Amino acid sequence: MLARIGGQNPHMDKPQVAARAQMRREFLMRATAGLVASVGLTLLDACAPATPATPTAAPPAQATGAAPAQSSTPPASTPAQQAPATTQPSAGGTLTISQSVDINTLHPWVGTLNVWKVIKENVYDQLSYQDPTTFEVKPKLAKSFEWTDGNTSLLITLAGGTSFHNGDPLTADDVKSTLDGIRDPQVGSWLRGFLAPIKEVQVVDPTHVKLKTETVDNGLIPALTYVDIAPRAAGTDLAKQNPIGSGPFKFIEWVPNDRIVLERNPSYWDQARQPKLDRIVFRPVTELQTRISQLLAGNVDMVYDFSLQEVPRLQADKRVQVSVVPPADQMFIAYLNMRKPPFDKLEMRQAIAWSLDRQAFVTNFLAGLGNPTGNSPFTDKHWAYEPKTKDRDEYDLDKVSQLVEKAGYPKGQGLNFTLLVPSGYPEFKQISTLIQAAFASVGYQPPIEEVEIGQWAARINQTRDFFVAVDYPPRGTADPALTYNAGQLFAPNAANAGGLTPETIPGYVDALHEGATITDQAKRKDAYSRAQLLWVDALPGPIFAHRSTAHALTPAIKGFTPHPAFQQDFAGVSR
């Protein structure tokens, strides 16, 4: 085979149900009023990056969950600003981007922050990439992919004439050393699970690599979009050296808490993607209103992935352009640590799922720019979406109380858990505050621990010192084989944040294996439908909603298309 790619109370009538729902919403909005009042407009800067320029058309219907929001009319007290005169874009110049947090490592295979993903995507090249508008996976460093040897090997043909920033040629040996390094448990790469289907990496010749597998795996080529190819000579201890890639921009410096600087690679191998900018400067600024003020004053060119509550205000300001990516890729979820009480009990995991008023969250905290159906990693426009998940685990405080009591904690007595939140991610805190208020109404108010982002990530991924942690992982637009095999939520392996193992959900691993290794899409859909239903039954972690992403930039910046999964490409950007 050739695979080549270029529930409510039944005793209540409807008016009673509606009245109670309204009372609950009012209760939770009052409970979170302190959060809104204390944080105010600074609530609005969720940190994971994405970096747009000119607004683009929404991705095709089969891949999105909603259309972009339309510009709102500015309030009478805030007249719209006039756009400054613009000039035709030209080559050269510096692009200055304000990001909400600083990076915490230079290691391309270990760093998990999306701000780092945006930067390193342009320093390194990957074997494949996901088109930001069609979501189709296409070759990048690879010239082609072909399943051979009776569908037990993926043969990768590399584009010739490729070199690293230090002048060394990029060959099949570098691809092998990169893949072997990521697969090495001692390296500790979060990408290791992405490459689990690979049994061996063989170098055929300088431009051909063969990945030995048991059979076809539909997630392998999409997984390679995350693999940054590094020089074999650099080894695997890449955190202690400046990055050397083959991408359109060279890494120049990282001054912690001040700037990361990239410069144009004049010898970039891909003639179709020659970089137009001379330099890109990323500046970490935690406070959102400072970032927006810098943008409006012209001191920075771009603010990416800011809180959605700011979208209407910025859409009304003619000094900036706002690009909104529909809710399709990022999903709000909660990691629940099943290794210890109380979330070793199904009823407590279910109680978390029933505790969030998803519609109120989307309406009040996301400016309506989200899809509140939840329960599936996919929106209803994805071919693998299972509609039977839609009405599971809806908001109901009575249900929360019943589940908490069934778990052995009547009126919250004996409960002990906290909600872990990273600083600089206000939407995570908003969800956590709503959950806190819901549990307070049934007898226990879990504390919220707000810590620095690096500590947050370490406690989830390394020490496992947490109970509940909200996140918004990507890959809702990916092939389900990658969605379920990647990251820290769905994959039943050692990297799973909550402790999900192959034995946790009977039948789950079989469904995932079937979906990943057959090619008939109808049969694949059946397999992934089973996986989604098994997930909501066992609920290792609730999926609350899908989130749009928003980016703002000055009108002078041209040529940037935002990527829903933050695999951003700056090569075509100009000013």
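The values are calculated or read from the model by the stated rules, or taken from the named source; none is laboratory data. In this text the structure is predicted, and so the values were computed from the model without any measurement. Please note: Cβ atoms are built from the backbone with ideal geometry, for glycine as well, and neighbour counts cover all protein chains shown. What goes into the accessible areas is simple: the full protein's heavy atoms, side chains included, and nothing from ligands, DNA or RNA. Shrake-Rupley method; radii C 1.70, N 1.55, O 1.52, S 1.80 Å.
Run down N485, N496 and say which single residue is under 15 Å from G188 (Cα atoms) and either in contact with a Leu (Cβ under 6 Å, 6 or more places away or on another chain) or surrounded by 18 or more Cβ atoms within 10 Å (Cβ to Cβ) (or both).
One residue alone meets the criteria, N496.
Take the conditions (1) part of a helix (DSSP H, G or I); (2) open to solvent by 10 Å² or more (accessible area, probe 1.4 Å); (3) out of contact with any Asp or Glu (no Cβ under 7 Å at 6 or more places or on another chain); R459 misses just one of them, which is (3). Evaluated against (1) open to solvent by 30 Å² or more (accessible area, probe 1.4 Å); (2) modelled with pLDDT of 95 or more; (3) polar (S, T, N, Q); (4) within 21 Å of the chain's Cα centre (by Cα), Q402 falls short on exactly one condition, (4).
Residue check: is Q436 polar (S, T, N, Q), closer than 28 Å to Q402 by Cα and open to solvent by 30 Å² or more (accessible area, probe 1.4 Å)?
Taking the combined requirement at face value, the residue satisfies it.
Residue-level check: of (1) within 18 Å of S246 (Cα to Cα); (2) more than 20 Å from the chain's Cα centre (by Cα); (3) assigned to a loop (DSSP other than H, G, I, E, B), Q126 misses just (2).
For the criterion of being more than 14 Å from P540 (Cβ to Cβ), β-branched (V, I, T) and touching a strand residue (DSSP E or B) at 6+ places or on another chain (Cβ under 9 Å), V468 fails. Return a yes/no flag: does the stretch 305-317 have any residue that is among the aliphatic types (A, V, I, L, M), under 19 Å from the mean Cα position of the chain (by Cα), modelled with pLDDT of 95 or more and more than 30 Å from F249 (Cβ to Cβ). Within the stretch 305-317, not a single residue is among the aliphatic types (A, V, I, L, M), under 19 Å from the mean Cα position of the chain (by Cα), modelled with pLDDT of 95 or more and more than 30 Å from F249 (Cβ to Cβ).
When Q521 is tested against (1) open to solvent by 30 Å² or more (accessible area, probe 1.4 Å); (2) closer than 18 Å to T379 by Cβ; (3) under 20 Å from the mean Cα position of the chain (by Cα), exactly one condition is not met: (3).
With respect to (1) crowded, with 22+ Cβ neighbours inside 10 Å; (2) touching a strand residue (DSSP E or B) at 6+ places or on another chain (Cβ under 8 Å); (3) not in a helix (DSSP H, G or I), the lone exception for K381 is condition (1). With respect to the conditions (1) within 30 Å of T96 (Cβ to Cβ); (2) in a loop (DSSP other than H, G, I, E, B); (3) of a type in the set (S, T, N, Q), Q186 lacks only one, and its number is (1). I'd like to know if the stretch 464-473 contains one or more residues that are among the acidic types (D, E), buried (at least 17 other Cβ atoms within 10 Å of the Cβ) and touching a helix residue (DSSP H, G or I) at 6+ places or on another chain (Cβ under 9 Å). Scanning the stretch 464-473 turns up at least one residue that is among the acidic types (D, E), buried (at least 17 other Cβ atoms within 10 Å of the Cβ) and touching a helix residue (DSSP H, G or I) at 6+ places or on another chain (Cβ under 9 Å).
Does T134 meet the test of being open to solvent by 40 Å² or more (accessible area, probe 1.4 Å), over 19 Å from P473 (Cβ atoms), at pLDDT below 95 and among the β-branched types (V, I, T)? Yes. Look at S177 and say whether it is surrounded by 20 or more Cβ atoms within 10 Å (Cβ to Cβ) and farther than 21 Å from N265 by Cβ. Yes: the conditions hold for S177. Against the list (1) open to solvent by 10 Å² or more (accessible area, probe 1.4 Å); (2) in a strand (DSSP E or B), the condition E347 fails is (2). Is it fair to say S98 is in contact with a Lys or Arg (Cβ under 8 Å, 6 or more places away or on another chain), within 30 Å of E287 (Cα to Cα) and crowded, with 21+ Cβ neighbours inside 10 Å? Considered against the rule, which asks whether it is in contact with a Lys or Arg (Cβ under 8 Å, 6 or more places away or on another chain), within 30 Å of E287 (Cα to Cα) and crowded, with 21+ Cβ neighbours inside 10 Å, S98 comes out as yes.
Taking L106, is it outside any loop (DSSP other than H, G, I, E, B), modelled with pLDDT of 95 or more and touching a helix residue (DSSP H, G or I) at 6+ places or on another chain (Cβ under 9 Å)? Taking the combined requirement at face value, the residue does not satisfy it. Of the residues that sit in the stretch 157-200 and are in contact with an Asp or Glu (Cβ under 8 Å, 6 or more places away or on another chain) and of a type in the set (V, I, T), which one is farthest from T501 (Cα to Cα)? Restricting to residues being in contact with an Asp or Glu (Cβ under 8 Å, 6 or more places away or on another chain) and of a type in the set (V, I, T), the top hit is T162.
For the stretch 190-221, the tally of residues that are out of contact with any Gly (no Cβ under 7 Å at 6 or more places or on another chain) and either farther than 21 Å from L512 by Cβ or not in a loop (DSSP other than H, G, I, E, B) (or both) stands at 18.
Just one of (1) out of contact with any Ser or Thr (no Cβ under 8 Å at 6 or more places or on another chain); (2) crowded, with 20+ Cβ neighbours inside 10 Å fails for D168. It is (2).
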